[in-house]
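Structure, as structure tokens:
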Amino acid sequence: EFNFIQIYRQVAEEVKSGHGTQAMENLASIFENRRQYPEAADHWRRLLEDYQGSSHEKEQWKRRLEQIVDNWGRFEPIMTQPKGEGATVEYRFRNGEAVELSAHEIKVEKLIADVQAYLKSNPGQLDHRKVNIGNLGWRLVHENQEQYLGEQVAGWTMEVEPRARHFDKRVTVHTPLQKAGAYLLKAKMKGGNESFIIIWLSDLALVKKPLCLDKDDPQQAKNQGTYYFVADAVTGRSAGKAQLDFFGWRMEHHNKPRRHEVITKEFAERADADGQVITRPDRQPTNFQWIITARTDGGKFGYLGFTNVWYGRYHDAEYHATKVYPITDRPVYRPGHTVHYKLWARHAKYDKEDTSDFAGQTFTLEINNPKGEKVVEKEVKADEFGGVEGDLELADDAMLGVWRFGLRGDKTPDTAPASGNPKLLE
């Protein structure tokens, strides 16, 4: 009576009852969840052959069976890859034994030009599908936008060996694609489904980061900028004096009359010999979405976007802060013990040499009991690393709780942080 699968099987013998159908569905789902796919497939077949159900239910049973036993495959997501190294993509499949593959060029520059032209036309109702360049694969496959599809550049068949018992298997597809550009790769599993993916091969890479050009006056827009670096996507070296074209757009809402307006902005820059460009807020404001295309005299092409820019406020107060770092020889003491302590005074500048601005300085060391009462106050002199050390003899009747250490000096705060203060326990 504790074997629920056996109970389901007994109920499922009532083929003509609703309880029997439900029990058989539950059994099929249980075996699927247990990854016992042949057993699950047998139960879906029995449902289709022996049990009554609505047309919708039978269609669902049929799909569940096909999902297990049919030949099936799909591409796994990939990142942009450098040209000239033979693009690869992972393909996950089950049951099938051969895959037919083909690749078509995609007219990327035409796509970008059409997106820009669409935005310049100031459409009254913006269709975001026409602006989303990253959604190109969906548009090509599901919206038949073949004007962006070029000629077929490759086609081949790949033999595969499926795993037993309808389990998925992953293989690496090595494509013959070498030339920079975008490609629509199609996989047709023999006797099964089709899968598509966009493969991007780059010969130029664009890197972007915000800059503060004057730390002494960071609030001024003239001292802020965005840095771009154009590099060869394979070697990472500078691409030299590439031409960068900037195109930005934003939506503006008007109440009188009630309407939407698309505002666009364009400008161009030439990178220096090291492939660098710096733009300023007056040319590249933050309230636009930007696409940046780069071209070299040798015909290399790359783009970045749509992307935002932002100009940070330079703030490094925490890196000039004075910190006191204390340690004790153990975390917990008892009355009558001796506390060995050491404290270092430093500026929080982790990129500097391992020296201290407080070397040789005289400090006032304070030690307070858990009530905040001052137990010790004395002058101490820091060593060459800004450290002071000593011992505290605890009385036999020392107060229990957390005792606190601190340093005071001309270049330190009145109370220094001291995580790691010793605790006294009975």
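The values are calculated or read from the model by the stated rules, or taken from the named source; none is laboratory data. Since the model is a prediction, treat every value here as computed from it, not as a measurement. Please note: Cβ atoms are built from the backbone with ideal geometry, for glycine as well, and neighbour counts cover all protein chains shown. Remember, those area values only see protein heavy atoms, side chains included, never the ligands or the DNA or RNA. Shrake-Rupley method; radii C 1.70, N 1.55, O 1.52, S 1.80 Å.
Overview of values
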| item | result |
| --- | --- |
| Filter result for the condition that a residue is out of contact with any Cys (no Cβ under 7 Å at 6 or more places or on another chain), assigned to a helix (DSSP H, G or I), in contact (Cβ under 8 Å) with a residue 12 or more places away in the chain and surrounded by fewer than 17 Cβ atoms within 10 Å (Cβ to Cβ), over Glu49, Glu109, Glu100 | Glu109 |
| Top-ranked residue in the range 387-426 [being of a type in the set (Gly, Ala, Ser), under 14 Å from Leu343 (Cα atoms) and at pLDDT 90 or above; ranked as least open to solvent (accessible area, probe 1.4 Å)] | Gly387 |
| Given (1) of a type in the set (D, E, K, R); (2) at pLDDT 95 or above; (3) outside any helix (DSSP H, G or I); (4) over 35 Å from the mean Cα position of the chain (by Cα), number of the condition Lys16 does not satisfy | (2) |
| Single unsatisfied condition, Phe288 versus (1) open to solvent by 60 Å² or more (accessible area, probe 1.4 Å); (2) at pLDDT 85 or above | (1) |
| The listed residue being in contact (Cβ under 8 Å) with a residue 40 or more places away in the chain, β-branched (Val, Ile, Thr), part of a strand (DSSP E or B) and under 30 Å from Val402 (Cα atoms), out of Val339, Val277 | Val339 |
| Per-region count, the range 139-179, residues more than 30 Å from Asp42 (Cα to Cα) and either in contact with a helix residue (DSSP H, G or I) (Cβ under 8 Å, 6 or more places away or on another chain) or open to solvent by less than 80 Å² (accessible area, probe 1.4 Å) (or both) | 21 |
| Residues within the range 239-263 that are modelled with pLDDT of 90 or more and open to solvent by 50 Å² or more (accessible area, probe 1.4 Å), tallied | 6 |
